[in-house]
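All remarks here apply to the structure that follows.
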Ligand SMILES: Nc1ncnc2c1ncn2[C@@H]1O[C@H](COP(=O)(O)OP(=O)(O)OP(=O)(O)O)[C@@H](O)[C@H]1O
Ligand SMILES: [Mg+2]
């Protein structure tokens, strides 16, 4: 199983949206996908229709030694995607983990025990760098960094790359950056196009060739708890997310 943390220090730059749509795109290409929501805003959990409301949420998975991925992963209506749901109790879990030695490795240990059940695990994180994000990065081989093409998002990119570098150097030498992608891109704005060009010039190996345009259909799909592939399979947004998933899969050594 390959594990990918979706991270970005600047909020509202498409982490949850890309985690959701990439999870379904990977599943539609035949992979068994586990999606973990590690953000107490619960945006990912709310945007995917799932069963098993009584299953353990991610806070229980992290603080209770006896809870396994099998206890927490629930089936969803998105073919091939299982979900570990977030809860609003994550601040309690953060406090408990902060007080425990070696707690940055809890998720890594739990995922190792389930590695033959899934091909890909995607972890959605919060913008703040807390012990949950560190857990995700320590459990992952890859970080994926989504971006909007608004001017200030490049600042968030620098901070996020710095955090992943520190985790690689200090805690998880297996972690590399899978890619950076503009997933909320206003192609009509010349400033936005400049931002994309600047990022490509600065990080030529990291920035994906595929961009996802600003698209109301992508937002609407979340309201009805569908991926863009079920909501509007022939829409440009579906086409772009399909292409992005293909590009990222070609970078994964599966
Ligand atoms: N391509 C797109 N076109 C239009 N709206 C989009 C697109 N991608 C995401 N959005 C919308 O932008 C908003 C922010 O996206 P999202 O919630 O995925 O960001 P986030 O990085 O997860 O935010 P947070 O840091 O708060 O967790 C959401 O309302 C989402 O529906
Ligand atoms: Mg989010």
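Kindly indicate whether residue 80 is more than 23 Å from residue 127 (Cβ to Cβ) and free of Cβ contacts under 8 Å to residues at least 40 places away in the same chain. The answer is no for residue 80.
Looking across segment 44-62, the residues that are within 16 Å of ligand 1 (Cβ to nearest atom) and surrounded by 19 or more Cβ atoms within 10 Å (Cβ to Cβ) come down to 44, 45, 47, 48, 58.
Output the number of residues of segment 224-234 satisfying the condition of being in contact (Cβ under 8 Å) with a residue 12 or more places away in the chain and either surrounded by fewer than 17 Cβ atoms within 10 Å (Cβ to Cβ) or outside any loop (DSSP other than H, G, I, E, B) (or both).
Initial filter on segment 224-234 (in contact (Cβ under 8 Å) with a residue 12 or more places away in the chain): 225-232.
Restricting the remaining residues to those that are either surrounded by fewer than 17 Cβ atoms within 10 Å (Cβ to Cβ) or outside any loop (DSSP other than H, G, I, E, B) (or both) gives 228-231.
Number of matching residues: 4.
Among the criteria (1) touching a helix residue (DSSP H, G or I) at 6+ places or on another chain (Cβ under 8 Å); (2) within 14 Å of ligand 1 (Cβ to nearest atom); (3) without any contact (Cβ under 8 Å) to a residue 40 or more places away in the chain, the one residue 188 does not fulfil is (1). Return a yes/no flag: does segment 15-34 have any residue that is within 14 Å of ligand 2 (Cβ to nearest atom), over 21 Å from residue 114 (Cα atoms), over 13 Å from the mean Cα position of the chain (by Cα) and buried (at least 19 other Cβ atoms within 10 Å of the Cβ). Among the residues of segment 15-34, not one is within 14 Å of ligand 2 (Cβ to nearest atom), over 21 Å from residue 114 (Cα atoms), over 13 Å from the mean Cα position of the chain (by Cα) and buried (at least 19 other Cβ atoms within 10 Å of the Cβ), which makes the answer no.
Screening residue 59 against (1) within 16 Å of ligand 2 (Cβ to nearest atom); (2) closer than 20 Å to residue 3 by Cβ leaves a single unmet condition, (1).
Of the listed requirements (1) touching a residue at least 40 places away in the same chain (Cβ under 8 Å); (2) closer than 26 Å to residue 242 by Cα; (3) in contact with a strand residue (DSSP E or B) (Cβ under 9 Å, 6 or more places away or on another chain), residue 74 misses just one: (1). The single condition among (1) away from ligand 1 (no atom under 13 Å from the Cβ); (2) farther than 25 Å from residue 246 by Cβ; (3) in contact (Cβ under 8 Å) with a residue 40 or more places away in the chain that residue 112 does not satisfy is (3).
Going through segment 1-38 one residue at a time, which ones are closer than 19 Å to residue 159 by Cα and within 12 Å of ligand 1 (Cβ to nearest atom)? Walk me through it before giving the result.
Our first condition is that a residue be closer than 19 Å to residue 159 by Cα; within segment 1-38, this holds for 4-16.
If the condition is that a residue be closer than 19 Å to residue 159 by Cα and within 12 Å of ligand 1 (Cβ to nearest atom), then 6, 7, 8, 9, 10, 11, 12, 13, 14, 15, 16 are the ones that fit.
Counting only helices (runs of 4 or more DSSP H) that fall entirely inside segment 57-172 and contain at least 1 residues that are within 25 Å of residue 11 (Cβ to Cβ), the qualifying elements are 58-63, 90-98, 106-112, 131-138, 153-170.
All of the numbers you see were taken from the coordinates with simple rules; none came from a lab. In this text the structure is predicted, and so the values were computed from the model without any measurement. For neighbour counting, all protein chains shown are included, and Cβ atoms are generated from backbone atoms with ideal geometry for every residue, glycine included.
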